[in-house]
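Any read-out appearing in this document is the output of simple, stated calculations on the displayed coordinates, not a laboratory observation. Remember, it's a predicted structure, so these values are computed and weren't measured experimentally. Note that each Cβ is placed from the backbone with ideal geometry, even for glycine, and that neighbours are counted across all protein chains shown.
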Amino acid sequence: MVSKTNASVEVVDHPLVQHKLNILRDRNTASAEFRQVLYEISHLLAYEVCRDLKTETVEIETPLETTTGPKLAGKELCLISILRAGNGLLDGMLNLIPSAQVGHIGLYRDPDTNIPVEYYLKLPDRLNERQCIVVDPMLATGGSAVAAVHRVKQAGAERIKFVCVVAAPEGLEAFNSAHPDVPVVTAAIDRALDEDAYIRPGLGDAGDRMFGTR
Ligand code: PRP
Ligand code: URA
């Protein structure tokens, strides 16, 4: 736990997650495999972040008798992707929970200042009634995650979680200071940011790795 606040940070140290993260870190992993492994790891992270999702008890008929069981209140969940790279996590989570609502926040880091610039925003309504999960593979300086969660709160959300694949200690500190009420689920907390605000050892630029841009 890096945080000096009481904020919650969960590192998912399951061997399957760590194995897939290792593939993502490898510079020799090409875009197609990178996207596929990100898709796979998102299922495993979803498993952790959705652990306390609400269910309702419904009656069902098995082939032998009537019984009751839990049914996920899927529409009460809202997945929010920070574009571009967030879509690499969104797709897999949406595959698991197809009835979830979806929002998008377009942000890019200004190359000179590393401050996030917003270029797109589309969020579902009634966010105050939903569990929101904001997704982005990378938490570096934390600027993008802080700005995105700020937007989601402005839109009324009260229950928010943040999911990433790699976090820098500096970014976690900034995020926890800004949003101590928002738990973070990550596959790794890496060593530090470098002078260009890239996470070390990291996995490089997630969006570029996904789409083959530079
Ligand atoms: C990357 C990443 C995060 C952000 C993290 O996006 O996907 O959104 O950087 O950095 P921060 O914590 O310092 O804000 P980028 O800005 O490269 O945009 P992209 O997803 O379109 O490539
Ligand atoms: N954004 C990324 O995609 N990777 C980093 O290491 C930092 C910011």
Based on DSSP H runs of at least 4 residues, each adding -39500 (n - 2.57), what is the mean residue ellipticity at 222 nm of the chain after dividing by all its residues, to the nearest 500 deg cm²/dmol? -9500 deg cm²/dmol
A197 paired with H150, simple spin-label distance in nm, labels 7 Å along Cα-to-beta-carbon: 1.3 nm
List the GluC sites (Glu not before Pro) within segment 165-214 that fall in a DSSP loop (any state other than H, G, I, E or B) and whose Cβ has at most 11 other Cβ atoms within 10 Å. E195
Take every DSSP beta bridge whose two residues both sit in the chain, then give the antiparallel share in percent to the nearest 5. 40 percent
Contour excess over end-to-end distance, with Cα ends at K54 and E158 and 0.36 nm allotted per residue: 35.9 nm
How much length is gained if the chain between A32 and V117 is pulled fully straight, taking 0.36 nm per residue apart and subtracting their Cα-Cα distance, in nm to one decimal? 27.8 nm
To the nearest 10 degrees, how steeply does helix 15-25 sit against the main Cα axis of the chain, on a 0 to 90 scale? 40 degrees
Among K54, K153, K161, the residue with the largest mean-square fluctuation in a Gaussian network model of the chain built from Cα contacts under 10 Å is K54
How many percent of DSSP beta bridges within segment 77-144 run antiparallel, rounded to 5? 35 percent
Indicate, rounded to the nearest 5 percent, the antiparallel portion of the DSSP beta bridges found entirely in segment 21-122. 70 percent
If the reach is capped at under 25 angstrom between alpha carbons, list the lysines near K153, excluding any in the same chain fewer than eight residues apart. K4, K54, K75, K122, K161
